[in-house]
Amino acid sequence: LTAKKGRVDDATRDLYAIDSVIVVSDSGSTITTDELKWRNSDKKIVSDKFVTIISTKEKIQGYGFESDQHIQNYVIYNITYVTKRDSL
């Protein structure tokens with residue numbers, strides 16, 4: 001995880017990443033967005049901002065996102081673009 005700014009909520013232990021956020025998973029999937037939150041309570045990564053996910057299978061862009069912390073099971077709520085990896 002890289003970002004220009006970040007903070008951890010002392011009460012919840014949630015992590016907030018802000019500005020030029022890039023997350024790379026062990027499997028090579030990449031998330032880019034302006035802001036995201038990692039929720040300690042359920043170990044989920046969430047954002048209500050525009051996101052791009054590039055995996056070994058596809059590239060998806062849209063608004064609103066939720067994923068497990070390994071970026072293996074994810075949902076983009078308002079998809080604006082999808083392409084399969086072989087056409088990238």
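All of the numbers you see were taken from the coordinates with simple rules; none came from a lab. These figures come from a predicted structure and were not determined experimentally. So basically every Cβ, Gly included, is an ideal-geometry build from the backbone, and we count neighbours across all protein chains shown.
The figures follow:
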| item | result |
| --- | --- |
| Efficiency of FRET between residue 43 and residue 86 - r from beta-carbon atoms, R0 25 angstrom, step 0.05 | 0.20 |
| Estimated dipole of the chain in Debye, rounded to 20 [Cβ of Lys and Arg +1, of Asp and Glu -1, Cα centre] | 140 |
| Amide proton proximity set for residue 69, modelled H, under 5 Å, gap of 5+ | 45 |
| Potential extension, residue 4-residue 20 segment - 0.36 nm per residue separation minus Cα distance | 5.1 nm |
| Unit charges at the beta carbon, dipole of the chain: most positive-side option, 80, 28, 63 | 28 |
| Fewest-first ranking of 41, 29, using other Cβ atoms within 10 Å as the exposure measure | 41, 29 |
| Taking all pairs of distinct alpha-carbon atoms in the chain, Kirkwood radius in angstrom | 13.1 |
| Sparse-neighbour loop sites [trypsin sites (Lys or Arg not before Pro); region 12-71; at most 14 other C-beta within 10 Å; DSSP] | 13, 43, 57 |
| Relative exposure of 23, 75, 51, judged by other C-beta atoms within 10 Å (fewest first) | 75, 23, 51 |
| Karplus-derived 3J(HN,Hα), 6.51/-1.76/1.60, for each residue of region 3-14, Hz, glycine and proline x | 6, 6, 9, x, 7, 10, 6, 5, 6, 9, 6, 6 |
